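First up is the structure itself, then whatever we jot down about it.
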Amino acid sequence: MDISTICVHGCDKRYDSTGAVAVPIYASATFAHPGVGRSTGFDYSRSLNPTREHLERTIAALEGGTQAIAFSSGMAAVSAFMELFAPGDHIVAPDDLYGGTYRLFAQISQKNGVNFSHANTLDGIEKSIRPNTKAVFIETPTNPMMQVIDIAAAARIAHDRGLLLIVDNTFLTPYFQRPITFGADIVLHSGTKYLGGHNDTLAGMLVTSDSGLYERLSFIAKTTGACLSPFDSFLIVRGIKTLAVRMDRMQESAIAIARWLTAQTAIDKVHYIGLPEHSGYEISRRQASGFGGMISFSLKNSETAVKTLERVKIIKYAESLGGTESLITYPMLQTHADMPEEERNARGINAGLLRLSVGLESVDDLIADLEQAMQ
Ligand SMILES: *Cc1c(COP(=O)(O)O)cnc(C)c1O
């Protein structure tokens, strides 16, 4: 079955006999038992809820995994998988990382005794592995510098040494990229972004095809309790129905905007993985069926960057990405504010860098908005 059909119909399981085409919102915290020692399959919504289960089965099918768990945010999903590790463990993660994940690793996991090495390249990842390393965590493309990592090669490096490979697939979504098919053990999503797709709901997901790992993760999820509510599960299911058309349209607009930006004299560099001159273009073509809707670009003059943020009208100056409304962010002051300045500068996250999430508005209106704002 094609992925766009799975997006629309979701998982096959039906929970009632009314013929409801949309999944019902089971707003129940608890479920009555038909008798002692008998169960409907549901007991308490922190462990399992039908609306959330529908979403979990749908995202598992989309990612080519067997099981998934939905959390109240992407960061709740990150904190859940971090419970797989113990003090003394070590994890290799990229240099360029979503700011919230970086903050959790640096300010919470480290305090709990888990240490990190940062490496961007496959060679760097391999060299950072120590006897106590337990996992390789990657984000591809990375946020905000849009660097691409070869997932299959990262999986080989991790699996040769018995390590887990965890991949944040928020930017491309399973519509364009399915890391489990390249060997990832766990796929992470901020469902707040493209999966929900409307800038209105926070959600997170973990997907796996390893049932032992699923058992451990679902024990952590039900024990720590950051589960997604039935109503929010419904909203993410509803968002996923249009994932395919949204991703296609956003990508089409992103290519046009990236080309337009490249031709502007105020621009220093455009980071869009769909431009043939991007360093990750060839790998992207191999491991993804599309390039997505995220563009980072640096302006030669940082004052122009600030002016652009203040003057955009249709595009909103706001955190987040992947929704119907185009959003522009200032990574230095927003998502990456918690990263030490030297580290930020070394990664190119400087005062001239902006990140654009291309939404569903007319591409001509978006270009006109950028043009007037950048003048
Ligand atoms: C937003 C984001 C997260 C965190 O997700 P929340 O839903 O905001 O908690 C993690 N990874 C990436 C790549 C993100 O963009």
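The values are calculated or read from the model by the stated rules, or taken from the named source; none is laboratory data. Since this is a predicted model, take the numbers as computed values, not measurements. All Cβ positions, glycine included, derive from the backbone under ideal geometry; neighbour counts span all protein chains shown. Note: accessible area is taken over every heavy atom of the protein model, side chains too, but ligands, DNA and RNA are not part of it. Shrake-Rupley method; radii C 1.70, N 1.55, O 1.52, S 1.80 Å.
Descriptive notes on the structure:
- Only protein atoms count toward the accessible area here, which uses a 1.4 Å probe; on the chain, the carbon and sulfur part of that area reaches 51 percent.
- Each label point was placed 7 Å from the Cα along the Cα-to-Cβ direction; for residue 306 and residue 224 their separation is 3.9 nm.
- Per residue accessible area in Å² of the chain, where ligands, DNA and RNA are left out and the probe is 1.4 Å: 41
- Dipole magnitude of segment 245-374, debye to nearest 20 (Cβ charges: Lys/Arg +1, Asp/Glu -1, about Cα centre): 200
- What the Cβ-Cβ distance of residue 317 and residue 159 gives, at R0 = 41 Å and to the nearest 0.05, is a FRET efficiency of 0.45.
- 0 to 90° range, to nearest 10: angle between helix 302-311 axis and the chain longest Cα axis: 60
- Our summary gives segment 245-374 a relative contact order of 29 percent, counting only alpha carbon pairs under 8 angstrom and 6 or more residues apart.
- Packing here is the average count of other Cβ atoms within 10 Å per residue, and on that basis the peptides 131-142, 251-262, 59-70, highest first, run 59-70, 131-142, 251-262.
- Per residue, the average separation of C-alpha pairs within less than 8 Å and at least 6 apart gives the chain a relative contact order of 18 percent.
- Listed residue pairs exceeding 25 Å between alpha carbons, taken from 13/241; 193/241; 241/307; 127/222; 134/269; 134/222: 241/307; 127/222; 134/269
- For 300, 269, 222, the ranking by accessible surface with the largest value first comes to 300, 269, 222, using a 1.4 Å probe.
- Sequence of 278, 90 when ordered by accessible area, the most exposed leading, probe 1.4 angstrom: 278, 90
- Viscosity 1.567 mPa s, temperature 4 °C, Stokes-Einstein D of the chain from Kirkwood C-alpha radius, µm²/s: 61
- Global form of segment 301-357, assessed from the alpha-carbon gyration tensor, a/c cut-off 1.5: oblate
- Percentage relative contact order, segment 78-154, counting C-alpha pairs under 8 Å, at least six apart: 38
- Inter-site label distance for residue 84 and residue 106 at 7 Å from Cα along Cβ, in nm: 2.4
- For the chain, calculated [θ]222 nm from helices alone, where every DSSP H run of n ≥ 4 adds -39500 (n - 2.57): -10500 deg cm²/dmol
- Accessible heavy-atom area order of 279, 73, highest first, probe of 1.4 Å: 279, 73
- Computed from the C-beta positions of residue 36 and residue 1, the FRET efficiency with R₀ = 35 Å rounds to 0.30.
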